[in-house]
Amino acid sequence: MSRESVELLIDRWINEPAFREEFQRDPEGTVARSGLSLTEQEWEDLRRMEASVAGEALQARVSKPYFG
Amino acid sequence: MTGSSVPLDRRIALLDAVAAFDSLPKDALADLAARLREERFSAEQVIVREGELGDRLYLIADGRAEVTSGGRGSLPLAVLEEGELFGEVALLSGSRERQATVTADTHVVALTLSAADFEKLVRERPEVRDSLAGVAETLVMIKFLKQASPFTPLSGEQLRQLIPRLERRGVSEGETVVRQGEPGDACYLVRSGRVEVAVQGPDGEERQLATLGPGCLFGEAALLTQAPRAASVRALERAELLVLPRRVLLECMQTSENLNRAIVELIQLRERPRRDPDVELHERTSSEGETLVILKQPARGAYYQLTPEGRFIWDLLDGEHTLRDLTMEYLRVFKAFAPQVIAEVVRGLRAGGFVQGAEVSAGLLGRGSGAWSVLRQRVRRVFDCQVALPNADAAFARVYRTAVRPLFNPVGQVALAAIALGGLAAFVVAGHEVGRSWHETNAGARLLLFLIPAYLAGVMVHEAGHAFAAKALGYEVRRAGLGLYRGRPVAFVDTSDMWLAPRWPRILVSLAGPYANLVLAGAAALGAVLATAPAVTTALWQFAFVSYVAVVLNLNPMYDYDGYYVLMDVLERPNLRKHTLQWLSRGLPRALRRPQELGRHRVELAYGLALFLYPVVMGLLSMQAYRVLGQHWLSRILPAGTAAALGGWVAAAVIAAGVAGVAIEMYRLRRGQV
């Protein structure tokens, strides 16, 4: 995936809500329909888009005891 | 002409009411009416289909039809009723291609004009062509705005009203539309062509931020943040833009909560977030050996956990990197294309106040100003209100140093354990004394004078247990106080600072509350054994009983009590309930098709099952409790059969309420409302 192609892909992801939704449902199909041609390694990178959770807010630890 | 259910005078009247035919004299209208063919369509029948070639114009004489694009139901554009025309877009365009699908909502009677007759009409009457072209252009514009723009959430009617307020502007290649640093009074929607967004750094060097194509909005951030333009935009080729003045954009946003959300999201996805310099960064190692970073926002008391990938993103939040930059860097290092993951991390960090970014002026949006929303907020304020102890941490630290510290040394702990275990043993052996009634002791209601303060003391001791355990381990007690939680009176202690601690100290602090009650119950049970006055003995047994029940209830891991925090920490799964419900609603259907995924989500599967089984168990216990405590009493005033059947109803109500509560929470999580 050339840098320019990826940047274009990200720009569309950021700026076009409809593209973002379509990408969420079917990333590979959406990229294929966008006209970008990818190598096998690049497809692998794309399939890894749902990487492990990178971060999350920790809920407040507030004790509110249950006494009926 | 086929069929005759629409008489000629009615046809003329219908044509006369069409604005495009205003200029036609009566005889021309009569001639046109005579050329119309009548066609009938049943409900749900497709009248014209998008993409097919058009060969006639339609005028609805009776019924209602829906205009959609991309298949029925996928993108509603408009609803057509009696007297409205459709099909003119294809006839006016060179390709003759239908631009939308029209489907009968009800039984529809339409009058149609052939393409040949239509061409003859517009050739002889150019003003009709012009008028119809205007209508056609509106429909094409609605389709454009609906299909590929942030305005998708607006209804067809809202878009129809918006379109006349949009100004068209053609720009030539290289022309600058928006200049960095200037104030903004309008934003722009790209109708055709491409534009480039670029920013000039302090060194004067220009950097390209994005390339935008048809359907993309730009210039909106300056309107909503009231800051100068953050970047320049210039045309990469000849382009057509739709100009939205600030007032028009704000009015649109106020009519649609979804549009509001879409525009704010767009601004946030485009900004260059910067770390808040006051955020503290703490590292700890998970049970799996992974180095986690816990961020603490001292001003808000918020905590955020980052994996090594998240830490990588955090380090790049310097106010210079855009989401595009972050995604490119992430791809380079982790070989994964993850704009969604990165955007979610940045969104979460912004929500917790860990990063600074563009702040949309809340007053401009009018969000949540509806009567229902205001009422909901007020009710929540009444049922969820708290009064916090000022400088709680300093107060607990002082009391801990001066009085409580000895309880946390080995001798103190052995003494507390002896009381807890000794008392528990006494309760097990002689606990049947709990059943002795107040009447038997001749103490009557006077016992309440002991039990109520003792009960309140139990609550305070529970909270103090958490707070002093946190202080003993060297962590902060952020807040403590009294208040209402979902309408229930509570005392509370916030030990969120324990997120900075390793797993076992966190578990100890969560267990310290129920343990304090266990010690108190033990002391009461031992006191009951030693006391000689029957009234005192009974009061102490009853207090011990209540305290043991409180210990069990607070160790319940199904709800937001101490047991839940213990379970989260044992499993090292923060936000376990939220993750479980999210996985059940989104991941489970997929996992059912891939058994190996079920194995990877054993915890969510087990906890999810428990969440749904718990109300069932509680329902059955409620039925049992009713049979023991309530049925006998009710059978005095109700027929025996009815009193017996009520047990089943009690169980059903408890199960239904519990399962519905979990299902609603799941639904709200899926909709992103939590």
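Since every read-out is calculated from the coordinates, none of them should be taken as a lab result. All of these numbers come straight from a predicted model, not from anything done at the bench. Glycine gets a Cβ as well: all are built from the backbone with ideal geometry, and neighbour counts include every protein chain shown.
On a 0 to 90 degree scale, rounded to 10, what angle separates helix B:323-334 from the longest Cα axis of chain B?
60
Picking from B:L145, B:L244, B:L484, whose Cα lies most toward the positive end of the charge dipole for chain B (charges on Cβ: Lys, Arg +1; Asp, Glu -1)?
It is B:L484, whose Cα lies furthest towards the positive end.
Just want the answer: with Cβ charges of +1 for Lys and Arg and -1 for Asp and Glu, which residue in B:F612, B:A336, B:V264 is farthest toward the dipole's positive end in chain B?
Selected residue: B:F612.
Test of understanding: what is the full-extension gain from B:V411 to B:A430, defined as 0.36 nm times their sequence separation minus their Cα-Cα distance? Kindly include the intermediate steps, with their values, before the conclusion.
Working: separation 19, 0.36 × 19 = 6.84 nm, distance 2.80 nm.
The B:V411-B:A430 span can extend by a further 4.0 nm.
If the chain between B:R594 and B:R671 were fully stretched, how many nm would it gain, using 0.36 nm times the residue separation less the Cα-Cα distance?
Fully extending the segment from B:R594 to B:R671 adds 25.2 nm.
How many percent of the alpha carbon pairs in the range B:260-344 exceed a separation of 19 Å?
Details: 1662 of 3570 pairs.
Cα-Cα pairs in the range B:260-344 separated by more than 19 Å: 47 percent.
Where the centre of each part is set by its Cα atoms, how far does the range B:635-655 sit from the range B:279-324, in angstrom?
What the calculation gives is 55 Å, centre to centre.
Which value, in debye to the nearest 20, describes the size of the charge dipole of the range B:244-323 about its Cα centre when Lys and Arg Cβ atoms bear +1, Asp and Glu Cβ atoms bear -1, and nothing else is charged?
380
Treating only the Cβ of Lys, Arg, Asp and Glu as charged (+1, +1, -1, -1), what charge dipole size does the range B:256-303 show about its Cα centre? Round to the nearest 20 debye.
Dipole about the Cα centre, nearest 20: 200 debye.
So if I take the centroid of the Cα atoms in the range B:482-530 and the same for the range B:215-251, what is the distance between those two points in Å?
55
Compute the Cα gyration tensor for the range B:1-134, then decide on rounded, prolate or oblate, letting a ≥ b ≥ c be the square roots of its eigenvalues: rounded whenever a/c is under 1.5, prolate when a/b is larger than b/c in the other cases, and oblate in all that remain. Please report the intermediate quantities before stating the final value.
Working: a/c = 1.87, a/b = 1.27, b/c = 1.46.
It comes out oblate by the Cα gyration axes.
Hey, with R₀ at 60 Å, roughly what FRET efficiency would A:A18 and B:A13 work out to, going by the Cβ-Cβ distance, to 0.05?
Numbers: r = 42 Å, r/R0 = 0.69.
The computed FRET efficiency comes out at 0.90.
Extension gain B:D22-B:A403, at 0.36 nm per residue separation less the Cα-Cα distance, in nm? Could the numbers behind the result be given before it?
Numbers: separation 381, 0.36 × 381 = 137.16 nm, distance 9.30 nm.
Net length gain for the segment: 127.9 nm.
Please give the calculated 222 nm ellipticity per residue for chain B, where each DSSP H segment of at least 4 residues contributes -39500 (n - 2.57) and the sum is spread over every residue; nearest 500 deg cm²/dmol?
Result for chain B: -15500 deg cm²/dmol, rounded to the nearest 500.
Over the range B:151-235, what is the mean sequence separation of C-alpha contacts under 8 Å (at least six apart), divided by residue count, expressed as relative contact order in percent?
In percent, rounded to a whole number, it is 39.
Quick one: check the C-alpha center-to-center distance for the range B:16-37 versus the range B:145-173, whole angstrom.
That distance is 32 Å.
For chain B, take the longest principal axis of its alpha carbons; what is the angle in degrees between that and the long axis of helix B:448-472, to the nearest 10 within 0 to 90?
Once rounded, the angle reads 70 degrees.
For B:T138 and B:N391, what does the FRET efficiency come to when R0 = 51 Å and r is the distance between their Cβ atoms, rounded to the nearest 0.05?
0.20
Quick one: putting +1 on the C-beta of Lys and Arg, -1 on the C-beta of Asp and Glu, what dipole do you get for chain B around its Cα centre, in Debye to the nearest 20?
2040
Which net charge results for the neighbourhood of B:P308, defined as the other residues with beta-carbon distances under 11 angstrom from its beta-carbon, given Lys and Arg at +1 and Asp and Glu at -1?
Values: positive: B:R311; negative: B:E283, B:E290, B:E309, B:D315.
Summing Lys and Arg as +1 and Asp and Glu as -1 gives -3.
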